[in-house]
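See structure below.
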Amino acid sequence: MPSPDWESPPVFCGPETPKSLWALGAVCAALPDVDVLGFQFGIRYGALWGHRGFTHSIVFAAALAALILALGFRHGVPGLPPWRLWLFLFLATISHGLLDMLTDGGLGVALLAPFDNRRFFVPFQPIEVASFGVAWLFTRRGAVVLASELRWVWLPSAALAAIAVLVRRT
C-alpha cells in the first residue's frame, strides 16, 4: 500500500508551507559565491576552493541540502516532506552553478568537484559574465550584464513562477 504522501496531489509544496522557505531557497541559491572570499586568502581562481570551484558542485549542493535538513528540518516542513525539502534546497543551490555555466566568461564551473576539478561551460553561453564588487553595476558594462540577466534569468524565472501559480490554482 503506498504511503499517504504518494496519494497527495502532484504539487511541489502546499499552501501550508512557510513562506520563509522561499527565503531559505534564495540563500542556498546565492551561497555558492561565498567562494569569492578565497581571493582574500590567496586561493587561486582555478583551485578546488577557488571561484566556481567546489561550492558550485553537485556534491556541495547535495551536502548543503542534507546539512540544512539535519540541522533543523528532519521532519520537513508543513506541506513538504523531508525528501521534497531536500530536493528543493538541492535544486536551489545547484541552480547557481548551472546558471554560471551559461555565462560567457571566467574559467567555467567545477560541477564534478571534488572528484574532478575540470571546469565546464555549456555550448550556449548567452549570459554576460558579471564582475566582482558593486561599483561596476553603475557602468555601461553593468547595464549590459543586468539586461542579459533580466532576459536570460529573471524573466524566464518569473514566467515559470507565474505558470506554477496558475497550475496550482486550477
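Per-structure values
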item	result
Residue tally, condition closer than 12 Å to Gly97 by Cα and assigned to a helix (DSSP H, G or I), over the stretch 36-57	3
Residues (within 29 Å of Trp152 (Cα to Cα) and either acidic (Asp, Glu) or more than 17 Å from the chain's Cα centre (by Cα) (or both)) located in the stretch 81-107	Asp100, Asp104, Gly105, Gly106, Leu107
So Trp22, is it buried (at least 16 other Cβ atoms within 10 Å of the Cβ) and either among the hydrophobic types (A, V, I, L, M, F, W, C) or more than 24 Å from Leu166 (Cα to Cα) (or both)	no
Which numbered condition Phe39 fails, given (1) in contact with a helix residue (DSSP H, G or I) (Cβ under 8 Å, 6 or more places away or on another chain); (2) surrounded by 13 or more Cβ atoms within 10 Å (Cβ to Cβ); (3) more than 20 Å from Leu85 (Cα to Cα)	(1)
Among residues of the stretch 87-98, those that are buried (at least 19 other Cβ atoms within 10 Å of the Cβ) and modelled with pLDDT of 95 or more, counted	7
Residues of the stretch 71-84 classified as touching a residue at least 60 places away in the same chain (Cβ under 8 Å) and closer than 17 Å to Cys28 by Cβ, total	3
Subset of the stretch 87-132 [at negative phi and of a type in the set (Gly, Ala, Ser)]	Ala92, Ser95, Gly97, Gly105, Ala110, Ala113, Ala130, Ser131
Single unsatisfied condition, Asp33 versus (1) within 12 Å of the chain's Cα centre (by Cα); (2) more than 21 Å from Gly133 (Cα to Cα)	(2)
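The rows are residues; the columns are (1) at pLDDT below 90; (2) within 24 Å of Gly25 (Cα to Cα); (3) touching a Gly at 6+ places or on another chain (Cβ under 8 Å); (4) surrounded by 11 or more Cβ atoms within 10 Å (Cβ to Cβ).
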position	(1), (2), (3), (4)
Phe115	no, no, no, no
Arg119	no, no, yes, yes
Ile127	no, yes, no, yes
Phe138	yes, no, no, no
Glu149	no, yes, no, yes
Ser157	no, yes, no, yes
Val167	yes, yes, no, no
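The values are calculated or read from the model by the stated rules, or taken from the named source; none is laboratory data. This is a predicted model, so every value here is computed, not measured. Virtual Cβ from ideal backbone geometry, glycine too; neighbours counted across all protein chains shown.
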